[in-house]
Each structure stands twice: as C-alpha cells, then as structure tokens.
C-alpha cells in the first residue's frame, strides 16, 4: 500500500483516504472518475455549518439556461427549500441555472424565517449567475433549526469561486457536501448514445436514514446536456422517480425535505421535444440512472448489513404490486429477521396480508433468490409451505445481497423495491443524531 496525494492505492484500486475505514464493498461504490455533462460545473466547501467542519455547501451551475423539473416530498411539514423550489419552478421551468444545497441544517419547520432564508439562498445565486429565479434550493440536516445565514451566504460565494468541471476538483466535492449521516458520497455519471449523437448525465444523491420517500432525509439531482422540453422532462422524471427513489425504504420514515430534481441545458446535439421513441429511450435511461443512485442510498442505510431487493410479481396492477413491496419493506419484524439471518418467511406473509391490497393466500409464493447464481430456495408455493432446508437458507442469508421474490399469482404486473435490514447500529446512530 502506498499513498498518492490525498488517496491511497490498495491492490490496484484507488481509495479516498477519508474512506479507508469503510468496508471494501462500500469503498467500491465511490466514483473515482467521471464523464460529466457539457456546460456544468460543481463545487463543495465547508462553511462551518456542521460541528465536524466537513463540507456543507454544494453548488452545481450551468453555463447555459436549463429546462427543469422536480419531484418533492408529500410530507405535510414541507421544508422551506421545498416550498421555495416549488415557487421557482412554477415561475421558471425554462431558464434555470443552478442547484444550491446546504447540509447540516434542514431549514424545516422554521416558519416565516425559514422561507426568507431559502429565498436568500436563491437571491445570492441570482446575483452570482446574473439571472432571476435562477436556482433550486435544497437543505438537509436537523429539523427545527434556523439556517446560520452569515455562514450560508459566505459559503455560497466561496463555492461559486471554486466551481470546476473536473471530478476531483468539483463534482466529488459537491457530493461530499451533501452528506450528513452518509458514510460515502453518492455520485454517478455517464455518456449515452441517442439520435446518432451522444449526451451525458451526472447525478448526486444523499440519504442514509429517514428514508421512505413518497413523491427521507433524501435529496438528489440529475443534470444532463441533452435538451428536453420542460413538460417532457417532468413527465420523464416522475416516471423515473416512481421506479427508483419512490421504490426504496430504510426505516419507513418520510422526510420533510425530500427533493429529486433534474436540469437539462442542451449543451449536446440531443434534443427531446416531442413524445416518441427518442423520448422513451431518454426516459428509460434517466430511470436506470435514478435507480442506480437510489440503490446507493439503500446500500448506505444507517447501520445496514444487507441490501435486499423485493421482487413482487403477479400483481393485478403496478400500483398494487408496489404497495405490497412498500409495506413489506417497512416491517420491523421482516427487517430484524434479515439482520438475524433468520429465514422467518412467515413474517413476509403476515406483512403482505395487511398491506391493504387484495390477495388470494392460496396463490401466493415466496422464494429466496441468491445473487450468486446458485439455486433458488422455495419457501412457500401457491399457499403451501415447503420443507425448508434451514442450512441452505442460512447460506443465502449470509450473503450481503438478497432477492426476495413474492409472486401474488393474480396478474402480469410486477415491480422491484429496495430495502435493507434493521440493526443495533441504526438505533445508536439515531439515538444521538443531534449530538
């Protein structure tokens, strides 16, 4: 092992030195390079909002005007940045320039002062980019505390000076500034072909606890250098979020601040202006990209030791299959059994039975599907319990990744939902979160 600048290299793999304490599995999830959309720059700085003095102000800024879209939390206690971003989009969907984010303070349940502060964050960005209603605002952290606006404003101005199109100098810094109880930055980028040309996409997400979106503390955004007409961008994002960020759960608790946004600046030759095959291809690419970011959130679930895919098949509708998956994912008994490596599949059936969807118990099948390609383990087939090989069940539950397949036997609809186990560490983290 040898050190190279602020990184280390272990067996040919470069790791950020600040993440050396993480497992090899989590270290492998950290991006060390990227292909980023044309015309966008990013930055992240420490404005000393957080007690630990980590980065806490993030900017992503476009040199070109962007069409914009967003999906927000349905929590009745919507945070000030959510309300202000909704107002911004209502007035400006075609000439946005930035997303400005702070971590360390959620600016939620902060009354009139919170709204004033969120608007101030936007107005500072308006001044810097020299365009009105230029930016979406996002905040994450402790609820019920006002933003330290002197630190916020100076931090935004400093971050603007530090904007960079580079991975290490810009995008990674921004991803780190999003983190609260996250253990690693969640950053992805890529280049894709469409219309005989190429477009690029990048995204950042944060979240590890208070995750059960319905649009936790969950924030995320994606940017692209394709041009996408605003109404089509909103339609594509809503579709993508339903199949990604709205299909994850860590602890069943929905945040006041959940926001997923997307900006498209038209810096490439790809243009999506009407519905059709090109729109659908872009939508599906956006969805796959959002799924990857959402899965990173689950893999970083507070205290989590398992990444679980709930594959619900045989539903009458997509909505009913998803409702079943969402309900099972929040069962404390299911989640603690997974942590204890106990193949107590009866808890899955019990949760399904009071999920609120119509089921026929004689048609339901439950199966453990190993992710290593080895044989599946049937637990119940069409309502009849199987004689379960407990040793084989234990082998499967030893794996970090697990697929639980539930076939409702009622139709052709299906969905996938991602969750994790519930551990002692989750209680420890959240028991002293404010301290």
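The values are calculated or read from the model by the stated rules, or taken from the named source; none is laboratory data. Bear in mind the structure is a predicted one, so any value in this text is a computation, not a measurement. Here Cβ is always computed from backbone atoms with ideal geometry, including for glycine, and neighbour counts include all displayed protein chains.
Residue by residue, here is whether (1) surrounded by fewer than 17 Cβ atoms within 10 Å (Cβ to Cβ); (2) within 29 Å of residue 179 (Cα to Cα) holds:
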position: 289; (1), (2): no, yes
position: 293; (1), (2): no, yes
position: 299; (1), (2): no, yes
position: 312; (1), (2): no, no
position: 317; (1), (2): yes, no
position: 325; (1), (2): no, yes
position: 329; (1), (2): no, yes
position: 334; (1), (2): no, yes
position: 342; (1), (2): yes, no
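Look at (1) out of contact with any helix residue (DSSP H, G or I) (no Cβ under 9 Å at 6 or more places or on another chain); (2) modelled with pLDDT under 95 and you find that residue 105 fails only one, number (1). Scanning the range 36-68 for residues that are more than 17 Å from residue 206 (Cβ to Cβ), in a loop (DSSP other than H, G, I, E, B) and in contact with a helix residue (DSSP H, G or I) (Cβ under 9 Å, 6 or more places away or on another chain) yields 36, 48. For the range 262-282, the criterion of a residue being assigned to a helix (DSSP H, G or I) and within 10 Å of the chain's Cα centre (by Cα) is satisfied by no position. When residues in the range 324-349 are screened for being in contact with a helix residue (DSSP H, G or I) (Cβ under 7 Å, 6 or more places away or on another chain) and either more than 21 Å from residue 298 (Cβ to Cβ) or not in a helix (DSSP H, G or I) (or both), 4 of them pass.
Residues checked against (1) outside the structural domain of residue 188 (by TED's automatic domain parsing); (2) in contact with a helix residue (DSSP H, G or I) (Cβ under 6 Å, 6 or more places away or on another chain):
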site: 278; (1), (2): no, no
site: 284; (1), (2): no, no
site: 295; (1), (2): no, no
site: 316; (1), (2): yes, no
site: 351; (1), (2): yes, yes
site: 359; (1), (2): yes, no
site: 370; (1), (2): yes, yes
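Being under 21 Å from the mean Cα position of the chain (by Cα) and either under 26 Å from residue 228 (Cβ atoms) or crowded, with 22+ Cβ neighbours inside 10 Å (or both) is the filter here; which residues of the range 40-66 pass it? Across the range 40-66, the qualifying residues are 40, 41, 42, 43, 44, 55, 56, 57, 58, 59, 60, 61. Any residue that is over 19 Å from the mean Cα position of the chain (by Cα) and either under 13 Å from residue 172 (Cβ atoms) or assigned to a strand (DSSP E or B) (or both) - is there at least one of those in the range 22-31? No: the range 22-31 contains no residue that is over 19 Å from the mean Cα position of the chain (by Cα) and either under 13 Å from residue 172 (Cβ atoms) or assigned to a strand (DSSP E or B) (or both).
Residues in the range 69-122 that are at positive phi and in a helix (DSSP H, G or I): 111 alone.
With the structure loaded, tell me whether residue 37 is more than 20 Å from residue 258 (Cα to Cα), crowded, with 19+ Cβ neighbours inside 10 Å, modelled with pLDDT of 85 or more and in the same structural domain as residue 229 (by TED's automatic domain parsing) or whether it fails that test. So residue 37 fits the description; yes.
Of all residues in the range 176-190, those being crowded, with 21+ Cβ neighbours inside 10 Å and farther than 17 Å from residue 36 by Cβ number 4. The residues listed here are 362, 371, 367, 423; of these, the one that is at pLDDT 90 or above and buried (at least 19 other Cβ atoms within 10 Å of the Cβ) is 367. From the residues in the range 77-101 that are surrounded by 21 or more Cβ atoms within 10 Å (Cβ to Cβ) and in contact with a helix residue (DSSP H, G or I) (Cβ under 6 Å, 6 or more places away or on another chain), which one is farthest from residue 227 (Cα to Cα)? Going through the qualifying residues, I end up with 80.
Against the conditions (1) surrounded by fewer than 23 Cβ atoms within 10 Å (Cβ to Cβ); (2) modelled with pLDDT of 95 or more; (3) assigned to a helix (DSSP H, G or I), residue 152 satisfies every one except (1). Note on the range 127-140: among residues that are under 27 Å from the mean Cα position of the chain (by Cα) and outside any strand (DSSP E or B), the one that is farthest from residue 61 (Cα to Cα) is 133.
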